[in-house]
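Where a number appears in this text, it was derived from the coordinates with a stated rule and is not lab data. Remember, it's a predicted structure, so these values are computed and weren't measured experimentally. Glycine also receives a Cβ, built like all others from the backbone with ideal geometry; neighbour counts cover every protein chain displayed.
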Amino acid sequence: MAKKLYVGGLPWSTTQDALKQTFTAAGEVSSATIITDKMTGRSRGFGFIEMVNDADADKAIEMFNGKDFEGRTLTVNEARPMEAKAPRRGGFDGGRDFGGSRY
């Protein structure tokens, strides 16, 4: 069964291909994703690796957590499920009238 890993502390210049290539030293990688900013397209400094099997994922954590990668120290651990976010409210004051007189 595949296991997804969180990889933090990535340099902004790191590519998905470089990340995938690095983690193949621990075993077979099924996917590598670097999270980017929606507005600028620039890396946000973290990403996710999906390893084909759990043993390789555990090996990757052991091999890369706290280690130097392109001048930065990596944080590598098992990814947690994404938490649901509260719905956003529109506008500055949410469209509420605070009861004050404007005249």
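Relative contact order of the chain, please, whole-number percent, based on alpha carbon pairs below 8 angstrom and at least 6 residues apart.
Result for the chain is 33 percent.
Highest mean first, what order results for 39-49, 77-87, 25-35 on Cβ atoms within 10 Å?
25-35, 39-49, 77-87
Long-range amide H contacts for Gly9: which residues qualify at under 5 Å (H placed 1.01 Å from N, peptide plane, sequence gap of 5 or more or a different chain)?
Residues meeting the amide H criterion: Thr75.
Please turn the phi angles of the range 35-41 into ³J(HN,Hα) values with the Karplus equation 6.51 cos²θ - 1.76 cosθ + 1.60 (θ = phi - 60°), one per residue in order, whole Hz, x for glycine and proline.
Coupling constants for the range 35-41: 7, 10, 5, 5, 7, 9, x Hz.
Name the residues whose placed amide hydrogens come within less than 5 Å of the amide hydrogen of Thr36, ignoring near sequence neighbours (fewer than 5 apart) on the same chain.
Arg44
Kindly provide the helix-only [θ] at 222 nm of the chain, computed as the sum of -39,500 (n - 2.57) over DSSP H runs of four or more divided by all residues, to the nearest 500 deg cm²/dmol?
It lands at -5500 deg cm²/dmol.
Could you tell me which of Ser30, Pro11, Gly66 has its Cα farthest along the dipole of the range 3-78 towards the positive end, charges placed at Cβ (Lys, Arg +1; Asp, Glu -1), taken about the Cα centre?
The residue sitting most towards the positive pole is Pro11.
For helix 54-64, report the angle its Cα long axis makes with the longest principal axis of the Cα atoms of the chain; keep it between 0 and 90° and round to the nearest 10°.
The helix 54-64 is inclined about 80 degrees to the chain.
Identify which of the listed values of Rg/Rh (Cα atoms, Kirkwood Rh) was calculated from the structure shown: [x] 0.99; [y] 0.91; [z] 1.26.
Answer label, from the structure shown: [z].
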